[in-house]
Amino acid sequence: MYDLIVIGGGPAGLMAAGQAAAYLGGQGRVLLLEKMEKPARKLRITGKGRCNVTNDRPREEFLAKVRQGADFFRPAFEAFDNRTAIRWFESELGVPLAHERGGRIFPVSGRAWDVAEALAAWAVSSGAEIRCHAAVGELTIADNQIQGVMLESGERLEARAVVLATGGVSYPTTGSTGDGHEMADAAGHCIEPLRPALVPLEVAVPGGLKGLMLKNVELSLWVDGAVAERRFGEMEFTAEGIAGGAIVLQVSRTAVDALIDGRRVELSVDLKPALSAEKLRNRIGREIEALGGDTPVKILLQKLLPTQLRSVIARAAGLSLSAPAGELTERERERLATILKGWRFAVRDYRPFTEAIVTAGGVDLAEVDPLTLASRRVRGLYFAGELLDIDADTGGYNIQIALSTGYRAGRSAVARINRK
Ligand SMILES: Cc1cc2nc3c(=O)[nH]c(=O)nc-3n(C[C@H](O)[C@H](O)[C@H](O)COP(=O)(O)OP(=O)(O)OC[C@H]3O[C@@H](n4cnc5c(N)ncnc54)[C@H](O)[C@@H]3O)c2cc1C
């Protein structure tokens, strides 16, 4: 009989197992079951292989970045917040951290792999056992009390408590395939519909933009003709007709829900956010004067835009690239300035879970105690991580959610055992 079985070896599960084992002073029996060949496969590819472990923003600013479930998340965050996590990584895990732009925190080594290895080693040194190639198929429950788990191999394991930490359904090749949602559902929990969040969008722009990176632009998300969100930063065209990059991912959560609701979704990009419309019109005038009136529009646009965008913007503004810039009428200059301040295009769709950084939706928070992360339906069952209906922006927030909920779930699962 195990004191605790944790299902899933991502950051949430490793944290839960390590904390539970540490809480029991290394005297308990804590087992983590991971279906892949090693734990934390997803963590190893986070932050483009660098792992943005958390964000050092003040508490309220941090919570404001949690798009769904912030109130629920607050007690877990207060028990193990970003500041605590930073100290813990450095002192307990031996992973020195570096602070970067936007409060983002990365390992100094620049290797996500180091974070994953350190987390797994810490869980084991705290007294947890990790078993890989161990896919859990079912929770065993009798009289609304958890009894243990059954592996897909048919093996049964008994436990006083179980933490379900199987992650979301994005990047499923890392092992996060939604098994936990099925187990929670079978245990009587409602699952809020799963949608990709932080996901690239399919957009109606002409070809030839693949690889185009736009820095310091302002992106607006329009839903049914009204601005729903605005973000400043970087975006890119990752493939033909696909827009990604930080600010697109950030607005994607709202875009996905609007698309699912059948609403009209568009993006507009302010390519010159530092200039007012009037200043931009003056700038266009000055460029034309400096270049000479016979210079073709193509060269004028070269002064104002990345090469890949010239013909797209000219077409959108109804200008011919070969026409002399000096012959542009007031109205044409006005049109050009308007497009540069708001190049607008439709969003056709969102990309699938295989390309989503996180999963929105998951185990309904109304059926989970935010103080302990215990199921309100099954005694001895706890939840942690992305499996829950909590998700946040990019910037290190999602890993912190996994760590804080893992901390709370692991500790409360064994605190309950201790009281028995
Ligand atoms: C490409 C990419 C980059 C990202 N970058 C960042 C970043 O820089 N910063 C950030 O904060 N967030 C980032 N994220 C999000 C972050 O990785 C997740 O939010 C986080 O990993 C969730 O942790 P988790 O422990 O809940 O789930 P997961 O990390 O998904 O772990 C769940 C584990 O459960 C295991 N499992 C599933 N089913 C079973 C089963 N039946 N039996 C046994 N084990 C099972 C899986 O194999 C997996 O190892 C990124 C995500 C992706 C895809």
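The values are calculated or read from the model by the stated rules, or taken from the named source; none is laboratory data. All values reported here derive from a predicted model rather than from experimental measurement. Quick reminder, even Gly has a Cβ in these numbers, built from the backbone with ideal geometry, and neighbours come from all protein chains shown.
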Top-ranked residue in segment 390-420 [being among the charged types (D, E, K, R) and within 13 Å of the chain's Cα centre (by Cα); ranked as farthest from residue 104 (Cα to Cα)]: 391
Among (1) surrounded by fewer than 17 Cβ atoms within 10 Å (Cβ to Cβ); (2) within 24 Å of the chain's Cα centre (by Cα) - the single one residue 129 does not satisfy: (2)
Condition check for residue 352: touching a Pro at 6+ places or on another chain (Cβ under 6 Å) and at pLDDT 95 or above: no
Answer residue from segment 79-96, given it is in contact (Cβ under 8 Å) with a residue 12 or more places away in the chain and of a type in the set (Asp, Glu) and is surrounded by the fewest Cβ atoms within 10 Å (Cβ to Cβ) among those: 92
Test: residue in segment 401-409 that is in contact (Cβ under 8 Å) with a residue 40 or more places away in the chain, in contact with a helix residue (DSSP H, G or I) (Cβ under 6 Å, 6 or more places away or on another chain) and over 26 Å from residue 122 (Cβ atoms): no
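Per-residue answers, yes or no, for (1) within 15 Å of the ligand (Cβ to nearest atom); (2) more than 30 Å from residue 78 (Cα to Cα):
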position: 312; (1), (2): no, yes
position: 331; (1), (2): no, yes
position: 342; (1), (2): no, yes
position: 357; (1), (2): yes, no
position: 371; (1), (2): no, no
position: 377; (1), (2): no, no
position: 384; (1), (2): yes, no
position: 392; (1), (2): yes, no
position: 409; (1), (2): yes, no
Top-ranked residue in segment 10-24 [being surrounded by 24 or more Cβ atoms within 10 Å (Cβ to Cβ) and not aliphatic (A, V, I, L, M); ranked as nearest to the ligand (Cβ to nearest atom)]: 10
Selection within segment 376-385 - touching a helix residue (DSSP H, G or I) at 6+ places or on another chain (Cβ under 8 Å) and either buried (at least 24 other Cβ atoms within 10 Å of the Cβ) or basic (Lys, Arg) (or both): 376, 377, 382, 383, 384, 385
Segment 89-132: number of residues that are charged (D, E, K, R), over 24 Å from residue 163 (Cα atoms) and at pLDDT 95 or above: 5
Segment 278-294, residues that are touching an Asp or Glu at 6+ places or on another chain (Cβ under 9 Å) and at pLDDT 90 or above: 281
Any hit, segment 327-335, residues being in contact with a strand residue (DSSP E or B) (Cβ under 8 Å, 6 or more places away or on another chain), part of a loop (DSSP other than H, G, I, E, B) and outside the structural domain of residue 244 (by TED's automatic domain parsing): no
Subset of segment 159-196 (residues that are within 10 Å of the ligand (Cβ to nearest atom) and outside any helix (DSSP H, G or I)): 164, 165, 166, 167, 168, 169, 170, 171, 175, 176, 177, 178
Residue match in segment 396-407 (condition: touching a strand residue (DSSP E or B) at 6+ places or on another chain (Cβ under 9 Å), more than 16 Å from the ligand (Cβ to nearest atom), not aromatic (Phe, Trp, Tyr) and not assigned by TED's automatic domain parsing to the domain that holds residue 222): no
Restricting segment 138-157 to residues that are near the ligand (Cβ under 9 Å from one of its atoms) and surrounded by 15 or more Cβ atoms within 10 Å (Cβ to Cβ), the residue that is nearest to residue 36 (Cα to Cα): 151
Hits in segment 343-360 - residues which are part of a strand (DSSP E or B), surrounded by fewer than 20 Cβ atoms within 10 Å (Cβ to Cβ) and either touching a Lys or Arg at 6+ places or on another chain (Cβ under 6 Å) or among the charged types (D, E, K, R) (or both): 344, 348, 349
Residues that are touching a Phe, Trp or Tyr at 6+ places or on another chain (Cβ under 9 Å) and more than 8 Å from the ligand (Cβ to nearest atom), drawn from segment 33-54: 44, 49
Test for residue 243: is it in a strand (DSSP E or B) and over 20 Å from the mean Cα position of the chain (by Cα): no
Failed item, numbered, when residue 242 is tested on (1) over 21 Å from residue 335 (Cα atoms); (2) without any contact (Cβ under 8 Å) to a residue 60 or more places away in the chain; (3) in contact with a Pro (Cβ under 9 Å, 6 or more places away or on another chain): (2)
